[in-house]
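What follows is a single structure, written as structure tokens, with notes after it.
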Amino acid sequence: MRRTVYGPEHDAFRAAVRTFFEKEIGAHYREWEEAGLPPRDFYNKAGDVGILGLGIPEEYGGGGADFLFNAVVTEEAARGGYALGPCASTRTSPSRTSSTTATRSRRLGGCRAWPAASWSPRWR
């Protein structure tokens, strides 16, 4: 059955997420399970490719993406059999909409999001 909810930009992102997960998680997942968490470097790499901070507004360094991008990350984690917890949960805190600009800047600033110009003009 063909799904129609995703657009070409989601499909491109899915391919990148799948490749990232296969490369960065596949060979290491068992040892991370035993350790109880991935190394910090994994989260840095995930941020570099834009898997983290998807729903955070662009003005705070996030991706400014719609929820479907979060769904792609969750689906690809499930596809690989990875229980990623906070990584797969790319939502943002309530401070995104219910706090002052200064608080949002402090809490959300500096997020690393996917370099949008490299694959989808819709983001910018």
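Where a number appears in this text, it was derived from the coordinates with a stated rule and is not lab data. Everything numeric in this text was worked out from a predicted model, so none of it was measured. So basically every Cβ, Gly included, is an ideal-geometry build from the backbone, and we count neighbours across all protein chains shown.
From the square roots a ≥ b ≥ c of the eigenvalues of the alpha-carbon gyration tensor of segment 1-66, which class results: rounded (a/c under 1.5), prolate (a/b over b/c), or oblate? It is oblate, given that a/c is not under 1.5 and a/b is not larger than b/c.
Label positions at residue 43 and residue 2, each projected 7 Å from the Cα along the C-beta direction, are separated by 4.1 nm. Looking at segment 1-43, the trypsin sites (Lys or Arg not before Pro) that sit in a DSSP loop and have at most 11 other Cβ atoms within 10 Å of their own Cβ are 2, 3. Other residues lying with their Cβ under 10 Å from the Cβ of residue 20 contribute a combined charge of -1, Lys and Arg counting +1, Asp and Glu -1.
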